[in-house]
Amino acid sequence: SDNQRPPLTVAEAAANPRSDFNRVVLPPMSYLHEKDKIENRWPAAEKFIRENKLNEFFGPKEAPLGIVVQGGMYNSVIRALQRLGLADIHGQTEVPLYVLNVTYPLLRDEFDDFCKGKDHVLVVEEGQPDHIEQQLGSYLYKLERKVKLHGKDVLPMAGEYTGQVLLDGVTDFLKVAAPEMLPGKVRAPNAEAPAIPDLSDTVPIRPPGFCTGCPERPIFAAMKLTEQELGKHQITGDIGCHLFGVLPPFEIGGSTMGYGLGPASNAAFDGGGDKRVISILGDGGFWHNGLSTSIGNMVFNKSDSVAVIVDNYYSAATGGQDVMSSRAHNDTKSTNNPISKALKGVGVEWVRQIDRTYDVGKLREVLREALTTDYKGPKVIVASSECMLNKQRREKPLRNKAIKEGRRMEVSRFGVDADVCTGDHACIRLSGCPSLSLKRLDDPLRDDPVAHIDQTCVGCGNCGEVADTAVLCPSFYQADVVHNPTRFERWRAEKTSQIISWLQRRRDAKRLRSEGVTT
């Protein structure tokens, strides 16, 4: 088995503690550590890379040119060569490739062997500064090799190396190093660039954003409504799912820094204007760093700003790991430690707990209070609702199992009454939910598409809450789908359908009589 017992286990190390002053990373010991690294550990690392062939070579061994590429850029480079007819779909290439799966340390002897017999070598290194290109150039100079090194002269210094960028860069390199290898159309100096197809009509635009039913979306909807009422405020974000709030349709937040550092970075604006500044951070960032660095800083400096803590019960952005305030019972971790209790423990006196973020109206009221109250000091709003992704992962299998077993289950679904919808799309601008889209009606008198909720809806109710709080059109409705209904529910549904059908026939008959039509 690959899983082997280590030479020294944690239990053995804990049972045999020792103190070695030479291991302290401070001068003068740090100089000894550096010497040990260069004389012993560095050569050992190079030997390991070399013997285990961590770096890879592809293509012919002898050629007048070659490409050195970071491991992560290999697929894009080989694709560029395929488009130039110099490689196939299996990765067989006519241009030698030296793939650096390990970029530190670089092996001088491997690079020297790769460069033998070559006149031109291209270094594909995304980002700047061009450390690898400079290091390899130094090797060539010291080895007195007459090899022309290319890199940032044909590739951009900054920006993402997309497929087209690499195709252009490799093409420019080959024009200098081996123009005869290029296809005829590329060699022609006046050849027109191929037209880029417009895929906007066939490929739907999918910008990043909150998941369907995300409990953080109504928080930003409430902030947007508060902004319309009280004007714009200086708002700083933080690392986490809530950072999607900086994107349309909300566009809330002017900066982001660290993981739990949002309120601390906003301290520079505290007290500098007529309006209170606002900071946003998540529960993961709060426990990671924010409690001391941000909230503690607000208390210590008697800040008059507002912090909104987005509490979705997990460190959701990194996969849904538990944090100290998670509601689930965890056998190996301490959970169910309320954020509000920790806030009061470090001296925050003005704390407001919201236990259902989908209540947009209540959120707006609390935000308005925080921004207008006469209280001087840090004000913190804890907005709590479970991450919808984790909630669905837990509840959906249980619901499907219950339905399969024949048990009665209700599933809420929301819809838009197309006859009532005015088509102004204000609900979409205040929601941005992926399940809330547009639909064109088969009605020659109505040109504008109406709002439409598709089948990905999870029934969170945010769209209706936003429409109600913002006093938009009352076109949203909730339908409770009953699986495995009782005998009485089936009888009631049948009678209700009969009554509705009778009322519809009666209405149609009245309309015909009013128009003077006889049947």
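Data table
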| item | result |
| --- | --- |
| Members of the range 404-428 found to be surrounded by 14 or more Cβ atoms within 10 Å (Cβ to Cβ) and part of a helix (DSSP H, G or I), listed by number | 426, 427, 428 |
| Contacts under 9 angstrom Cβ, first residue in the range 493-505 being part of a helix (DSSP H, G or I), partner aliphatic (A, V, I, L, M), 6 or more apart | 493/482 |
| Qualifying residue in the range 453-460 (condition: within 25 Å of residue 207 (Cβ to Cβ), acidic (Asp, Glu) and free of Cβ contacts under 8 Å to residues at least 24 places away in the same chain) | yes |
| Condition check for residue 306: surrounded by 24 or more Cβ atoms within 10 Å (Cβ to Cβ) and either modelled with pLDDT under 95 or not basic (Lys, Arg) (or both) | yes |
| Leading residue by the ranking (modelled with the highest pLDDT) among those in the range 448-480 that are of a type in the set (Asp, Glu) and in a loop (DSSP other than H, G, I, E, B) | 454 |
| Subset of the range 367-410 that is under 32 Å from the mean Cα position of the chain (by Cα) and among the hydroxyl-bearing types (Ser, Thr, Tyr) - its residue that is nearest to residue 232 (Cα to Cα) | 384 |
| Qualifying residues in the range 482-519 (those that are at pLDDT 85 or above and acidic (Asp, Glu)) - the one nearest to the chain's Cα centre (by Cα) | 489 |
| Qualifying residue in the range 156-170 (condition: surrounded by fewer than 16 Cβ atoms within 10 Å (Cβ to Cβ), of a type in the set (D, E, K, R), modelled with pLDDT under 90 and farther than 20 Å from residue 66 by Cβ) | no |
| Residue check, residue 346 over 26 Å from the mean Cα position of the chain (by Cα) and at pLDDT 95 or above | yes |
| Unmet criterion (only one of (1) modelled with pLDDT of 85 or more; (2) more than 20 Å from residue 246 (Cα to Cα); (3) β-branched (Val, Ile, Thr)) for residue 428 | (2) |
| Selection from the range 308-366 of residues that are assigned to a helix (DSSP H, G or I) and either within 28 Å of residue 227 (Cβ to Cβ) or in contact with a Pro (Cβ under 8 Å, 6 or more places away or on another chain) (or both) | 316, 317, 339, 340, 343, 360, 361, 362, 363, 364, 365, 366 |
| Failed criterion for residue 242 (all others in (1) touching a Lys or Arg at 6+ places or on another chain (Cβ under 7 Å); (2) closer than 21 Å to residue 386 by Cβ hold) | (1) |
| Close pairs (6 angstrom Cβ cut-off, 6 or more residues apart or separate chains): within 17 Å of residue 50 (Cβ to Cβ) in the range 107-122, among the aromatic types (Phe, Trp, Tyr) and surrounded by fewer than 20 Cβ atoms within 10 Å (Cβ to Cβ) anywhere | 108/139; 111/139 |
| Scan of the range 126-169 for residues that are under 23 Å from residue 81 (Cα atoms), aliphatic (A, V, I, L, M) and free of Cβ contacts under 8 Å to residues at least 60 places away in the same chain, ordered by number | 147, 149, 154, 155, 157, 158, 165 |
| When residues of the range 36-70 are limited to those that are among the basic types (Lys, Arg) and modelled with pLDDT under 95, the one farthest from residue 112 (Cα to Cα) | 37 |
| Number of the exception - residue 438 against (1) within 30 Å of residue 306 (Cβ to Cβ); (2) part of a strand (DSSP E or B); (3) hydrophobic (A, V, I, L, M, F, W, C) | (1) |
| Index of the failed condition, residue 294 passing every other in (1) in contact with a strand residue (DSSP E or B) (Cβ under 6 Å, 6 or more places away or on another chain); (2) modelled with pLDDT of 90 or more; (3) more than 22 Å from residue 433 (Cα to Cα) | (1) |
| Unique match (being more than 31 Å from the chain's Cα centre (by Cα), in the same structural domain as residue 176 (by TED's automatic domain parsing) and exposed (fewer than 13 other Cβ atoms within 10 Å of the Cβ)) among 112, 119, 88 | 88 |
| The listed residue being touching a Gly at 6+ places or on another chain (Cβ under 6 Å), closer than 20 Å to residue 290 by Cβ and without any contact (Cβ under 8 Å) to a residue 60 or more places away in the chain, out of 351, 346 | 346 |
| Residues that are among the small types (Gly, Ala, Ser) and touching a Ser or Thr at 6+ places or on another chain (Cβ under 9 Å), drawn from the range 341-392 | 342, 361, 377, 383, 384, 385 |
| Filtered residues of the range 145-155 (kept if among the β-branched types (Val, Ile, Thr) and modelled with pLDDT under 95) | 147 |
| Residue in the range 422-455 that is nearest to residue 208 (Cα to Cα), counting only those that are of a type in the set (A, V, I, L, M, F, W, C) and in contact with a Lys or Arg (Cβ under 7 Å, 6 or more places away or on another chain) | 433 |
| Residue tally, condition under 39 Å from the mean Cα position of the chain (by Cα), part of a loop (DSSP other than H, G, I, E, B) and modelled with pLDDT of 90 or more, over the range 9-25 | 1 |
| Test result for residue 77, under 26 Å from residue 163 (Cβ atoms) and aliphatic (A, V, I, L, M) | yes |
| Subset of the range 31-65 [in contact with a His (Cβ under 8 Å, 6 or more places away or on another chain) and crowded, with 18+ Cβ neighbours inside 10 Å] | 65 |
| Residue match in the range 31-52 (condition: closer than 22 Å to residue 132 by Cβ and in contact with a Ser or Thr (Cβ under 9 Å, 6 or more places away or on another chain)) | no |
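The values are calculated or read from the model by the stated rules, or taken from the named source; none is laboratory data. Everything numeric here is computed off the predicted structure, so don't read it as measured data. Cβ: placed from backbone, ideal geometry, glycine included. Neighbour counts: every protein chain shown.
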